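Following: one structure in structure tokens, then a few remarks.
The values are calculated or read from the model by the stated rules, or taken from the named source; none is laboratory data. In this text the structure is predicted, and so the values were computed from the model without any measurement. Neighbour counts run over all protein chains shown; Cβ positions are idealised from the backbone, glycine included. Just so you know, the surface numbers come from the protein's heavy atoms only, side chains and all, with ligands and any DNA or RNA stripped out. Shrake-Rupley method; radii C 1.70, N 1.55, O 1.52, S 1.80 Å.
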Amino acid sequence: MAGITLALEFERNGITACVLEGGGLKPSTKSQSLYEGDNAGLPYDLQSTRTRRLGGSSNCWGGWIRPFIGLDFEHRDWVPNSGWPFGLSEVEPYYRRASDLVQVNHHGFEPEFWHDRLGKQVGLLDLDGSSFETIVSKFSPPTRFGRDYHTELASAKGARVILNASVVQLDTCSNATTVQRVQVLSASRQRFFVRANHTILAAGGIENARLMLLSHDVDPRGLGNQNDLVGRYFMEHPRIRHGQLTPAGDADKFRFYDARYTYHNPRLSVEGTSASAHLALSEQRQRREGLLQCRTYFRACRAGEDSELTEKFHELYDAIRARHYRDIKLQTFAAVARKSPNLMTSLLYRRLKLAAKSDHFQIETVVEPAPDRNSRVTLSLNRDRLGYHRAHLDWRIGDLEKRTHLRMLELMRDQFANTGLGYVDLDDADHGRPLPVIGCNHHMGTTRMHIDPRQGVVDKNCKVHFMHNLHIAGSSIFPTCGNDMPTLTIVALALRLADHINAQRGLQRHNSANNGQALSFQTMPAS
């Protein structure tokens, strides 16, 4: 999404650009296999959590949209390594343009607006503002950047897209301060090079770090890695499905907070954009108790539903749809087949979005990850079929995330009981048993932004420290990442970077007016 955003902006501003896309236009098991990697930390599948074709992970994106808030950019003394080089005011002007690119309306995210416009279809919970607040997210269609902007890219005069072009290394000058050319392998493994005045990595939170570490011909540490920061501070949003809510009375009051009811529900649409509500820890509570950001939503269940079985079906369905046949476990297939009558009833129930008929809700919580330098991407000893080291991931979450999650559930249990909203059953959470953690397919933080090169890989303009012409786009530059939904901010920051490059271009044009130099790129075969 970041790369195509940049290409579209460069085309509109008359900047010649070359987009090197590792995949093609359609899914390819062979190409996707290059995303396989090793894992040392929490269980994680590097291949199925991202997509290697034009449009990148917009092809597997669910469409959830929400901007970052002021607190996301602050230094919080209870969150180590938090803080951005700028505040919300620097990014906020780009959210409107980003909204256009992800095809959502320009209305705000205030719960009252959506309640007023949707009327009796949705209700807002009466919450104690000292602990909780209702927050709203929107749904993009979702925009598939490779599909939806294919025509614009194909007809571009200055932006050239090369498909099935696997970047394997960045070649630099003798002191590793300037990228001189990019090494690329075609689908037939023919090597060629691309030269450009500026190089921007927009390959995602795993590959951005991997490519910088692979580019070690001059400096064995890799590019921009003088302070051993490239690949560190990997963040992913931990998602925990734990606890059960039984409403007191009509379950209808919870349906705006029920992801199964709201997900791309056209009945909850305002001017073509639908929305969903979540329960979030208030900023006041976070500051008072030293907690991270955290949001919870509910998943409606019918009486007698086997939620675990239904989730197994979705795992099976997703693996088949993505052609990840090797990921299908025999036990999962057998369980789904054996209990198919119960499963079909549950799937029909969800398809018809019968939230008001629910007798209980599954509780699902997403927690902000605290930046941890030991949560990281490195190079594996194993190599891919092109002969290059695969990524090796060690994803970690710490005590602060666990404490935030449990405190969120405790506060919810107490407030719902005190206000008569319902009964929250936490079961294992009360007994200190470890809870299963899954991710949200968000790869962030591995080339983090900081004005001090001892604490970050890129500066406030996304330029790699110690280098003259290498920039990075995407969520790998995030120092912190809020409580979910990075996409709108990824696109907004890509627009900001495009404006920065365009401003530099104007300065370079002025300085080079006498010798006719201009921003350009060249492709050439290997000698």
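Lysine pairs, Cα distance under 22 Å, 8 or more residues apart or cross-chain: how many in the chain?
14
From the phi angles alone, apply the Karplus equation (6.51, -1.76, 1.60; θ = phi - 60°) to region 202-209 and give each ³J(HN,Hα) in whole Hz, x where the residue is Gly or Pro.
Per-residue couplings from phi come out as 9, 10, x, x, 8, 6, 4, 5 Hz.
Just to check I understand the Karplus step: with θ = phi - 60° and J = 6.51 cos²θ - 1.76 cosθ + 1.60, what whole-Hz values come out for region 449-466, glycine and proline as x?
Calculated HN-Hα couplings, in order: 8, 6, 5, 9, x, 7, 10, x, 8, 10, 8, 5, 9, 6, 8, 5, 4, 6 Hz.
Using a 10 angstrom Cβ neighbour count of at most 13 plus a DSSP loop assignment to flag exposed chymotrypsin sites (Phe, Trp or Tyr not before Pro), which longest range of the chain is free of such sites?
87-527
Hey, quick one: spin label on E112, modelled 7 Å out along Cα-Cβ, who in region 257-279 has an amide N within reach, i.e. under 20 Å?
257, 270, 275-279
What shape does region 78-172 take by its C-alpha gyration tensor, where a ≥ b ≥ c are the square roots of the eigenvalues and a/c under 1.5 counts as rounded, a/b above b/c as prolate, and the rest as oblate?
It is oblate, given that a/c is not under 1.5 and a/b is not larger than b/c.
Which loop-located trypsin sites (Lys or Arg not before Pro) does region 152-221 contain, where loop means any DSSP state but H, G, I, E or B and the Cβ has at most 15 other Cβ atoms within 10 Å?
Filter output for region 152-221: K157, R189, R221.
Using alpha carbon centroids, what distance separates region 452-495 and region 123-195, in Å?
13 Å
Enumerate the amide H contacts of D38 below 5 Å, restricted to partners 5 or more residues apart or on another chain; note that Pro and chain-start residues carry no placed amide H.
When sequence neighbours closer than 5 places are left aside, the close amide H contacts are A391, H392, L393.
Please list, in order along region 28-34, the HN-Hα scalar couplings obtained from phi with the Karplus expression 6.51 cos²θ - 1.76 cosθ + 1.60 (θ = phi - 60°), rounded to whole Hz, x for Gly and Pro.
Using θ = phi - 60°, the values come out as 9, 4, 5, 5, 4, 5, 5 Hz.
Rounded, prolate or oblate, given the Cα gyration tensor of region 449-510, with a/c below 1.5 counting as rounded?
It is oblate, given that a/c is not under 1.5 and a/b is not larger than b/c.
Accessible area per residue for region 145-184 in Å², computed with a 1.4 Å probe and the full protein assembly in place, what is it?
47 Å²
Using only the Cα atoms of region 118-179, build the gyration tensor, take square roots of its eigenvalues as a ≥ b ≥ c, and label the shape rounded, prolate or oblate: rounded if a/c is under 1.5, else prolate if a/b is larger than b/c, else oblate.
oblate
Hey, any idea what % of region 159-284's accessible area is carbon plus sulfur with a 1.4 Å probe?
Its accessible area is 44 percent carbon and sulfur atoms.
Which cross-chain or sequence-distant (5 or more) residues have an amide H under 5 Å from the amide H of V161, H modelled 1.01 Å from N in plane?
The list, which skips near neighbours in sequence, is V19.
Per residue of the chain, what 222 nm ellipticity follows from adding -39500 (n - 2.57) for every DSSP H run with n ≥ 4, rounded to the nearest 500?
Rounded to the nearest 500, it is -8500 deg cm²/dmol.
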